[in-house]
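Quick one: this structure, given as structure tokens, is what I'll be asking you about.
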Amino acid sequence: QWIYLSGEFVKKEDAKISVYDHGFLYGDGVFEGIRVYSGNVYKLDEHLKRLYNSAKSIMLDIPHSSEEMTEIILETLRKNDLQDAYIRLVVSRGVGNLGLDPASCSSPQIIAIAEELAIYPKEFYENGLDIVTVATRRNSPDVLSPKVKSLNYLNNILVKIEAGLAGVSEALMLNSEGYVAEGSADNIFIIRNNTLYTPPGYIGALEGITRAAIMELSEELGYTLKEEPFTRHDVYTADEVFLTGTAAEVIAVVKVDGRIIGDGKPGYHTNVLLDGFRRKVVQDGVK
Ligand code: PLP
């Protein structure tokens with residue numbers, strides 16, 4: 001396996017960064033998780049736009065144009081001869097001294113890792129997920145916007161730990177006011193009376209690329225879609241609940257905090273949206 005590391009391809013075993021990299025020392029950097037379907041990089045432009053916006057927000061200058069980044073990704077795929085893959089693109093602040101000030105960092109480090117896709121087990125899609133809500137809150141938009149996909153993923157990691165303690169694989173974060181924000185690395189939708197609801201950006205969630213694709217698809221399929229804040233009560237009493245994300249695509253949730261959703265099986269509309277999404281992924285890619 002070849003890793004792109006700031007200008008060269010190195011073997012996985014040799015892909016190492018300095019302990020003085022501020023990405024390591026402080027979580028100072030940004031990243032993207034991107035999916036490749038049959039050699040097509042899904043929504044690459046959207047991922048790059050989000051990467052550059054995240055970087056701009058934390059005043060990190062990416063030393064490559066979007067076209068150059070595209071070439072880095074495509075070259076990483078070619079080099080590893082991958083058709084269906086997951087790509088992790090990381091831009092860290094780079095190597096500096098021990099102080100917080102990024103002024104000591106000479107240049108950002110660009111890393112692209114392409115791996116064979118680890119698909120979620122089929123049972124997850126057939127049976128749906130049992131999830132919980134946890135004590136960890138989504139950081140508030142007035143602190144560091146959750147729209148920034150930064151290397152600092154401590155909230156999300158704590159959500160995973162809390163989910164594990166509860167014996168489930170995924171969990172939901174609320175925001176500081178108690179509105180449902182998102183999962184550890186997935187956005188949430190609920191369905192009630194054929195209408196889809198997903199929290200608006202200001203509630204505090206990453207603006208997921210799969211979320212946007214599902215919003216678009218749901219309108220094409222004639223569903224009503226509302227970006228509205230909702231609470232745990234609304235989730236417990238929804239007809240259907242599902243999560244969206246690059247890795248998970250669309251995945252049904254059948255139990256939340258012990259409350260069974262609908263009839264306890266992945267919902268009809270969730271399956272319609274998952275099928276529609278999977279039909280479109282190849283055509284929405286960059287080759
Ligand atoms: N929310 C968070 C915190 C994430 O890290 C991700 C994953 O990227 C998502 C939501 C889903 O976003 P996307 O559909 O772009 O993968």
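The values are calculated or read from the model by the stated rules, or taken from the named source; none is laboratory data. Only a predicted model underlies this, so the values are computations on that prediction, with no experimental measurement involved. FYI the Cβ positions are ideal-geometry reconstructions off the backbone, even for glycines, and counts take in every protein chain you see. Only protein heavy atoms, including side chains, enter the accessible area calculation; ligands, DNA and RNA are left aside. Shrake-Rupley method; radii C 1.70, N 1.55, O 1.52, S 1.80 Å.
Could you give the dipole magnitude of the range 48-105 about its Cα centre, charging the beta-carbon of Lys and Arg +1 and that of Asp and Glu -1, in debye to the nearest 20? Working shown, then result.
On the way: 7 positive and 8 negative charges, 45 e Å.
Once rounded to the nearest 20, the dipole reads 220 debye.
Sticking with this one: Can you pull the percent of the range 122-286's accessible area that's carbon plus sulfur, 1.4 Å probe, other chains left in place? Kindly include the intermediate steps, with their values, before the conclusion.
Working: 3660 of 7290 Å².
Carbon and sulfur together cover 50 percent of it.
Another question, if that's okay. Which one of 171, 57, 76 has its Cα pushed farthest toward the positive end of the charge dipole of the chain, where Lys and Arg give +1 and Asp and Glu give -1 at the Cβ?
My answer, from the dipole projection, is 171.
Using the reciprocal of the averaged 1/r over all distinct C-alpha pairs, how large is the Kirkwood radius of the range 2-116 in Å?
14.4
Skip the ligands, DNA and RNA, and give the accessible area per residue of the range 122-286 with a 1.4 Å probe, whole Å².
Working: 7290 Å² over 165 residues.
Solvent-accessible surface per residue comes out at 44 Å².
From the residues 157, 3, 202, which one has its Cα farthest along the dipole of the chain in the positive direction, the dipole being from +1 and -1 charges on Cβ of Lys/Arg and Asp/Glu about the Cα centre?
Result: 157.
Still on this model: Would you mind telling me the antiparallel percentage of the DSSP bridges in the chain, rounded to 5?
Numbers: 46 of 57 bridges.
Approximately 80 percent, going by the DSSP bridge assignments.
For a quick check, take a GNM of the chain with Cα springs below 10 Å and name the residue from 22, 64, 47 with the largest mean-square fluctuation.
64
What does the convex hull of the alpha-carbon atoms of the chain project to on average, in nm²?
On the way: hull surface 59.2 nm².
Across all orientations, the chain yields a mean hull projection of 14.8 nm².
Taking the Cα centre of the chain as origin, sum charge times position over the Cβ atoms of Lys and Arg (+1) and Asp and Glu (-1), and report the length of that vector in debye to the nearest 20.
Values: 29 positive and 41 negative charges, 37 e Å.
Dipole magnitude for the chain comes out near 180 debye.
Here is a follow-up. What is the chain's relative contact order, in percent, from Cα pairs under 8 angstrom and six or more apart in sequence? Intermediate results must be reported in sequence, preceding the final value.
Working: 595 pairs, mean separation 55.6, N = 287.
19 percent.
Can I ask one more? Measuring from label point to label point, each 7 Å out along Cα→Cβ, what is the residue 259 to residue 56 span in nm?
Here the answer is 3.9 nm between the modelled labels.
Still on this model: Run the accessible area of the range 32-103 with a 1.4 Å probe and give the carbon-and-sulfur part as a rounded percent.
Details: 1740 of 3380 Å².
Taking all protein chains in place, the range 32-103 shows 52 percent carbon and sulfur surface.
Still on this model: Accessible area per residue for the range 2-116 in Å², computed with a 1.4 Å probe and the full protein assembly in place, what is it? Present the calculation step by step, with values, prior to reporting the outcome.
Numbers: 5650 Å² over 115 residues.
Result: 49 Å² of accessible area for each residue.
Rounded if a/c is under 1.5, else prolate if a/b beats b/c, else oblate: with a ≥ b ≥ c from the C-alpha gyration tensor eigenvalues square-rooted, which is the range 122-286?
rounded
GluC sites (Glu not before Pro) within the range 133-179: which are DSSP loop residues with at most 12 other Cβ atoms inside 10 Å? Display every interim value, and only then the final one.
On the way: sites: 162, 170, 177; in loops: 177.
Within the range 133-179, the qualifying GluC sites (Glu not before Pro) (loop, at most 12 other Cβ atoms within 10 Å) are 177.
Past 30 Å, Cα to Cα: identify those pairs from 11/122; 147/280; 16/280; 43/122; 49/280; 122/149, in the order given. Can you show the working numbers first?
On the way: 11/122 32 Å; 147/280 25 Å; 16/280 37 Å; 43/122 24 Å; 49/280 21 Å; 122/149 28 Å.
Cα-Cα > 30 Å for 11/122; 16/280; rest within.
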